[in-house]
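Here the structure comes first, spelled out in structure tokens, and everything after it is commentary.
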Amino acid sequence: MKNLEKDTQKLIQAARQAQLNSYAPYSNFRVGSAILADNGKVYAGCNVENAAYPLGQCAEAGAIASMILDGGQKIVKILVASPNEKICPPCGGCRQKIKEFADKNTEILMCDNQGNIQTVDIAGLLPFAFELD
Ligand code: THU
């Protein structure tokens with residue numbers, strides 16, 4: 001692995017491990033995601049598709065649910081591992097889901113299958129975001 005911060009390496013490992021369990025028989029596009037939360041723990045998720053296509057769930061949603069279940073409250077870093085040579089930017093819905101638990105310091109990392117990483121902050125990922133207050 002390249003010369004990356006330790007927590008980024010941990011996220012890549014966790015996301016790739018999750019990717020192995022991805023259930024994507026319809027798209028064959030296997031995605032993994034991992035979050036470093038404010039409690040210092042790492043939570044992973046993979047996409048879970050469904051024969052009723054719109055019911056499928058993205059990898060990021062799984063990782064967020066796992067963080068919340070375990071008591072994590074904020075996303076310090078979230079990484080999305082793509083199955084191919086192009087990075088996989090989160091879909092529109094996931095951008096809003098990430099925003100719910102992000103702040104201006106949250107890093108969103110997108111990693112291709114070669115280990116190339118692109119990073120954005122939440123303002124870059126979801127400008128002009130909907131919020132209630
Ligand atoms: N997908 C994710 O899990 N995360 C993303 O950021 C983009 C897309 C999934 C949804 C679906 O199972 C498959 O990739 C193809 O769209």
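Nothing in this text is a laboratory measurement; each read-out follows from the coordinates by a stated rule. Here the structure is a predicted model, which is why all the values come from computation and not from measurement. Don't worry about glycine lacking a Cβ; one is built from the backbone with ideal geometry, like all the others, and counts go over all protein chains shown.
With +1 on each Lys and Arg Cβ and -1 on each Asp and Glu Cβ, how big is the dipole of the chain about its Cα centre, in debye rounded to the nearest 20?
300 debye
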Task: the range 29-102: chymotrypsin sites (Phe, Trp or Tyr not before Pro) falling in loop per DSSP and having at most 14 other Cβ within 10 Å - done: F29
Open item on the list: Between C91, C111, C46, where does the largest GNM mean-square fluctuation fall for the chain, given springs only between Cα atoms within less than 10 Å?
Closed with: C91
TODO: Using DSSP, restrict attention to beta bridges with both residues in the chain and report what percent are antiparallel, rounded to the nearest 5.
DONE: 75 percent
Open item on the list: What number do you get for the chain when its Cα radius of gyration is normalised by 2.2 N^0.38 Å, N = residues?
Closed with: 0.98
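For the range 35-126, which GluC sites (Glu not before Pro) pass both filters: DSSP loop (anything but H, G, I, E, B) and at most 13 other C-beta atoms within 10 Å?
Values: sites: E49, E60, E85, E100, E107; in loops: E49, E85.
Counting only loop positions with at most 13 other Cβ atoms within 10 Å, the GluC sites (Glu not before Pro) in the range 35-126 are E85.
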Task: Estimated distance in nm for a label pair at Q118 and E131, the labels positioned 7 Å out from Cα along Cα-to-Cβ - done: 2.5 nm
Task: Helix-only [θ]222 nm of the chain, DSSP H runs n ≥ 4, -39500 (n - 2.57) each, per residue, nearest 500 - done: -8500 deg cm²/dmol
